[in-house]
There are 2 protein chains.
Amino acid sequence: MAVGLNDLPVLHPVPGLRLGVACAGIKKPGRRDVVLIETPQDAQCAAVFTRNAFCAAPVTLAKRHLAAAVPRYLLINTGNANAGTGEQGLRDAAACCEAVAAAAGVQAAQVLPFSTGVIGEPLPVSKITAGVPAAFAALSDAAWVDAAHGIMTTDTVAKGASRQVEIDGHSVTVTGIAKGAGMIRPDMATMLAYIATDAAVAPALLQTCLAAAVQSSFNAITIDGDTSTNDACVLIATGCSSLPRLTSAQAPAYAAFARAVQEVCDTLAQAIVRDGEGATKFITVEIEGGADAEECRQVAYAIAHSPLVKTAFFASDPNWGRILAAVGRAGVAGLDVSRIDIYLDEVCIVQGGGRAPAYQEALGQAVMRREEITVRVQLGRGDQAARVWTCDFSYDYVRINAEYRT
Amino acid sequence: MAVGLNDLPVLHPVPGLRLGVACAGIKKPGRRDVVLIETPQDAQCAAVFTRNAFCAAPVTLAKRHLAAAVPRYLLINTGNANAGTGEQGLRDAAACCEAVAAAAGVQAAQVLPFSTGVIGEPLPVSKITAGVPAAFAALSDAAWVDAAHGIMTTDTVAKGASRQVEIDGHSVTVTGIAKGAGMIRPDMATMLAYIATDAAVAPALLQTCLAAAVQSSFNAITIDGDTSTNDACVLIATGCSSLPRLTSAQAPAYAAFARAVQEVCDTLAQAIVRDGEGATKFITVEIEGGADAEECRQVAYAIAHSPLVKTAFFASDPNWGRILAAVGRAGVAGLDVSRIDIYLDEVCIVQGGGRAPAYQEALGQAVMRREEITVRVQLGRGDQAARVWTCDFSYDYVRINAEYRT
């Protein structure tokens with residue numbers, strides 16, 4: 001069940017960019033499991049990848065290719081992560097890139113590989129390469145919805161976001177898709193998000209824009225605290241808009257563009273949490289009054305990762321002692337609990353480190369029955385803040401992850 | 001279901017120490033929920049407590065009392081943690097101590113209070129004090145089994161361990177009981193463990209002995225990563241054994257004594273994990289070849305806290321990619337994955353950072369079907385090691401914690 005997620009919104013085509021989807025039968029026959037994205041000559045591409053030390057072969061190879069050339073194609077497969085596969089995994093990822101390169105008449109380094117699925121199984125290269133011609137044949141600038149479906153694994157709904165904005169009288173489009181429902185606690189990126197714009201943006205500025213947008217969106221969500229081996233987030237700028245090339249972070253036009261990118265990233269990151277494995281609630285954790293942002297993040301994640309807090313949300317049980325215990329174990333040095341206030345939405349549950357005088361169980365109960373809840377903690381140590389989005393922890397999380405490979 | 005836990009072993013009385021249990025009706029009528037422990041004059045008492053910043057009122061008060069006097073009584077209640085209760089909680093804990101002190105003719109500072117149960121509810125002082133006379137009337141040196149039951153909350157079985165050893169021709173007894181099945185990732189202690197010995201031990205040495213024993217037992221277990229607000233572990237030395245007083249950590253007699261304490265702590269700590277909420281498997285995580293012990297603990301906890309790893313154990317699914325991903329995200333700086341080997345019991349699953357050439361799914365499957373499994377990771381960076389005990393993550397964990405207060 002996805003919390004508060006409706007059907008995909010309109011995903012505006014991004015001039016210059018085409019997508020194609022194929023069924024390669026990697027894990028199940030007839031499932032869309034290969035996605036090809038084609039960027040025009042002179043497009044720029046920024047990317048961030050997982051910091052997991054066991055990063056997957058496609059992540060390693062994509063970084064190498066990005067350093068060597070400007071990408072023309074992105075090849076994405078689901079059903080197999082090609083992670084924990086050593087040297088063979090690198091050769092397999094390279095073989096897939098070569099198949100795309102040969103079909104398109106470009107160099108292999110101009111193709112970026114991405115994989116998601118089970119870790120530790122050899123990549124079925126021949127199935128993927130056999131699907132490549134169909135993906136080429138399907139290339140279209142209108143295939144965003146197909147592509148959003150083509151990158152799903154345990155996701156229950158496809159995820160996309162799109163903005164069209166006027167900047168200095170020029171229309172600019174930002175459209176993105178993402179997947180991910182488990183092994184989600186991104187570190188610099190989340191598993192497979194692809195965002196494209198027709199704005200022309202200088203390469204370094206495009207990377208700056210992506211890094212900033214990711215920091216407060218994909219890097220501020222957690223489902224289970226498990227950072228994936230395959231996380232990747234890509235921002236492509238086709239340059240087909242009539243808006244003059246963006247080259248300075250100080251330009252007002254850049255601010256308008258960056259805001260659109262941020263909105264698309266926020267929507268996609270939230271969508272991942274709303275469709276978290278087994279999720280029945282969407283939880284926003286806001287920490288205020290910290291001495292620095294890092295300690296706020298530390299407290300936010302202590303709450304967002306606590307199985308006891310997450311099962312209480314699932315049960316709609318205002319068992320706020322579990323939130324208090326999580327704040328207390330977060331490891332903030334010199335924390336003075338007598339200055340701490342905790343709120344569930346508008347209800348103050350803890351004041352000055354103890355149960356708020358006006359608090360009554362019925363008030364907490366009323367909030368906990370909601371599908372979307374904000375936990376707000378005031379640390380009383382300074383003026384820094386952090387926000388993390390997460391979901392609850394249900395029977396279905398256990399079922400999905402106990403059954404995943406069967 | 002408790003994994004590999006049988007009925008309580010014989011719990012040898014500890015000369016000089018008496019225990020009494022009463023039903024005070026704190027949460028449910030007729031349930032043993034108040035335990036009184038009486039130590040003889042001149043006994044020594046060492047204790048370690050939770051480091052959770054939101055430590056409970058009884059923890060704060062017990063620390064104050066320990067600093068002011070040598071304890072004669074320990075008063076333990078279940079059903080209410082008296083945590084997150086502010087100044088009123090301190091007054092309530094003090095009132096309980098005063099009731100015991102008045103009945104026994106000692107000072108209130110000679111009584112240590114301990115509470116476990118729901119966080120954030122006011123302590124029902126009058127119920128507890130009303131139960132005190134019955135606890136006094138029941139005092140006996142043979143009541144260890146009763147006391148082990150009297151401190152249970154969501155535990156499904158009572159937990160105890162006992163050793164009788166000959167040291168230099170003198171018999172020495174070490175007996176302990178513990179409780180705890182959720183909110184378990186102790187930091188300096190675990191929720192309610194009481195260990196007593198008839199050896200005479202100098203106070204500082206007794207604290208050294210307890211701290212050392214706790215480090216590799218209670219402080220090396222995790223069920224859900226949530227450190228309780230009420231953790232406490234107490235070691236009482238009655239001094240009634242004929243063994244001369246232990247005063248030096250270098251003495252061979254101390255080594256023999258410390259070994260018995262360690263064995264009792266190990267058995268109790270394991271029992272807590274074996275009876276972890278919803279546990280169906282008992283997992284030992286051993287990390288070897290680390291540059292220092294801290295990074296080994298970091299990797300061990302990354303594995304032991306991963307919901308994906310824990311649900312895979314529940315499903316008996318050799319989905320070792322999840323273990324590999326947890327190692328990779330543990331945050332060890334400069335980790336060279338090409339030097340990492342991973343074993344499930346005797347089966348090598350990862351060699352040099354990739355799937356071991358000889359590994360076959362059937363081999364992993366055979367191990368995963370076992371009730372007790374050791375995950376061993378060789379980091380290839382040095383000669384340091386760490387070991388953590390944990391359990392799997394089942395539907396029942398969610399059920400127990402979604403229903404806990406209802």
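The values are calculated or read from the model by the stated rules, or taken from the named source; none is laboratory data. Keep in mind it's a predicted model, so treat the numbers as computed, not measured. FYI the Cβ positions are ideal-geometry reconstructions off the backbone, even for glycines, and counts take in every protein chain you see.
Regarding A:Leu268, is this residue out of contact with any Cys (no Cβ under 6 Å at 6 or more places or on another chain) and outside the structural domain of A:Lys159 (by TED's automatic domain parsing)? In short, no. The residue list B:Gln164, B:Gln250, B:Gln207 contains one member that is surrounded by fewer than 24 Cβ atoms within 10 Å (Cβ to Cβ), part of a helix (DSSP H, G or I) and not basic (Lys, Arg), which is B:Gln207.
Being out of contact with any Phe, Trp or Tyr (no Cβ under 7 Å at 6 or more places or on another chain) and modelled with pLDDT under 90: is that true of B:Ser162 here? Considered against the rule, which asks whether it is out of contact with any Phe, Trp or Tyr (no Cβ under 7 Å at 6 or more places or on another chain) and modelled with pLDDT under 90, B:Ser162 comes out as no.
The requirement of being part of a loop (DSSP other than H, G, I, E, B) and closer than 30 Å to B:Gln44 by Cβ is fulfilled somewhere in the range B:231-238, by at least one residue. Go through the range A:343-378 and give me each residue that's of a type in the set (D, E, K, R) and either under 34 Å from the mean Cα position of the chain (by Cα) or modelled with pLDDT of 95 or more (or both). Correct list: A:Asp345, A:Glu346, A:Arg369, A:Arg370, A:Glu371, A:Glu372, A:Arg376. Restricting the range A:319-346 to residues that are under 20 Å from B:Val118 (Cα atoms) and more than 9 Å from chain B (Cβ to nearest Cβ) leaves a set whose member that is surrounded by the fewest Cβ atoms within 10 Å (Cβ to Cβ) is A:Asp341.
When B:Thr229, B:Thr238, B:Thr247 are checked against the criterion of being within 14 Å of another protein chain (Cβ to nearest Cβ), more than 11 Å from the chain's Cα centre (by Cα) and β-branched (Val, Ile, Thr), B:Thr229 stands alone in meeting it. When the test is whether a residue is in contact (Cβ under 8 Å) with a residue 12 or more places away in the chain, surrounded by fewer than 24 Cβ atoms within 10 Å (Cβ to Cβ) and more than 26 Å from A:Leu66 (Cα to Cα), A:Ala279 does not pass it.
Exactly one residue among B:Ala135, B:Ala142 is more than 14 Å from every other protein chain (Cβ to nearest Cβ) and not in a helix (DSSP H, G or I), and that residue is B:Ala142. Checked against (1) within 13 Å of A:Thr229 (Cα to Cα); (2) within 9 Å of chain A (Cβ to nearest Cβ), B:Gly352 passes all but a single condition, namely (1).
For the range A:296-318, the candidate set comprises residues that are surrounded by fewer than 21 Cβ atoms within 10 Å (Cβ to Cβ) and closer than 21 Å to A:Cys348 by Cβ; within that set, the residue that is nearest to the other protein chains (Cβ to nearest Cβ) is A:Asp317. Kindly indicate whether A:Ala293 is of a type outside the set (D, E, K, R), more than 12 Å from chain B (Cβ to nearest Cβ), within 20 Å of A:Tyr397 (Cα to Cα) and in contact with a strand residue (DSSP E or B) (Cβ under 7 Å, 6 or more places away or on another chain). Criteria not met by A:Ala293.
Determine, yes or no, whether A:Thr175 is in contact with a Phe, Trp or Tyr (Cβ under 7 Å, 6 or more places away or on another chain), crowded, with 21+ Cβ neighbours inside 10 Å, modelled with pLDDT of 90 or more and of a type in the set (Ser, Thr, Tyr). Here the answer is yes, as A:Thr175 does meet what is asked. Kindly indicate the residue of the range B:347-394 that is surrounded by fewer than 16 Cβ atoms within 10 Å (Cβ to Cβ) and of a type in the set (S, T, N, Q) and also nearest to A:Glu403 (Cα to Cα) among those meeting that condition. Taking the candidates together, the pick is B:Gln365. One residue stands out in the range A:311-349 among those that are β-branched (Val, Ile, Thr) and in contact with a Gly (Cβ under 7 Å, 6 or more places away or on another chain): the one that is nearest to B:Leu90 (Cα to Cα), namely A:Val337. The set of residues from the range A:204-259 being charged (D, E, K, R) and modelled with pLDDT under 90 comprises A:Asp224, A:Asp226, A:Asp231. Is it the case that some residue within the range B:139-158 is modelled with pLDDT of 85 or more, surrounded by 23 or more Cβ atoms within 10 Å (Cβ to Cβ) and more than 22 Å from the chain's Cα centre (by Cα)? No: the range B:139-158 contains no residue that is modelled with pLDDT of 85 or more, surrounded by 23 or more Cβ atoms within 10 Å (Cβ to Cβ) and more than 22 Å from the chain's Cα centre (by Cα).
Being assigned by TED's automatic domain parsing to the domain that holds A:Arg51, in contact (Cβ under 8 Å) with a residue 40 or more places away in the chain, more than 27 Å from A:Arg387 (Cα to Cα) and outside any strand (DSSP E or B) is true of A:Leu243. Give the range A:280-297 a look and list any residue that's at pLDDT 95 or above and of a type in the set (Asp, Glu), or say none. A:Glu286, A:Glu288, A:Asp292, A:Glu295, listed by residue number.
Listed here are the residues, each with its yes/no results for (1) of a type in the set (Phe, Trp, Tyr); (2) in contact (Cβ under 8 Å) with a residue 60 or more places away in the chain; (3) within 19 Å of B:Asp33 (Cα to Cα).
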residue: B:Arg51; (1), (2), (3): no, yes, no
residue: B:Ala69; (1), (2), (3): no, no, no
residue: B:Leu90; (1), (2), (3): no, no, no
residue: B:Ala93; (1), (2), (3): no, no, yes
residue: B:Cys97; (1), (2), (3): no, no, yes
residue: B:Ala102; (1), (2), (3): no, no, no
residue: B:Lys127; (1), (2), (3): no, yes, yes
residue: B:Thr154; (1), (2), (3): no, yes, yes
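Scanning the range A:259-286 for residues that are aliphatic (A, V, I, L, M) and assigned to a strand (DSSP E or B) turns up A:Ile283, A:Val285. Any idea which residue in the range B:29-62 is farthest from the other protein chains (Cβ to nearest Cβ), counting only those that are farther than 28 Å from B:Gly16 by Cα and at pLDDT 90 or above? If we take residues in the range B:29-62 being farther than 28 Å from B:Gly16 by Cα and at pLDDT 90 or above, then B:Gly30 is farthest from the other protein chains (Cβ to nearest Cβ). If you check A:Ile184, A:Ile177 for being assigned by TED's automatic domain parsing to the domain that holds A:Glu121, among the hydrophobic types (A, V, I, L, M, F, W, C) and assigned to a strand (DSSP E or B), only one passes: A:Ile177.
Entry remark, the range A:103-116: residues being under 24 Å from A:Thr60 (Cβ atoms), surrounded by fewer than 21 Cβ atoms within 10 Å (Cβ to Cβ) and of a type in the set (Gly, Ala, Ser) number 4 in total.
Scan the range A:339-365 for residues that are small (Gly, Ala, Ser), more than 17 Å from A:Thr284 (Cβ to Cβ) and touching a strand residue (DSSP E or B) at 6+ places or on another chain (Cβ under 8 Å) and jot them down. Listed by number, the residues that qualify are A:Gly352, A:Ala356, A:Ala358.
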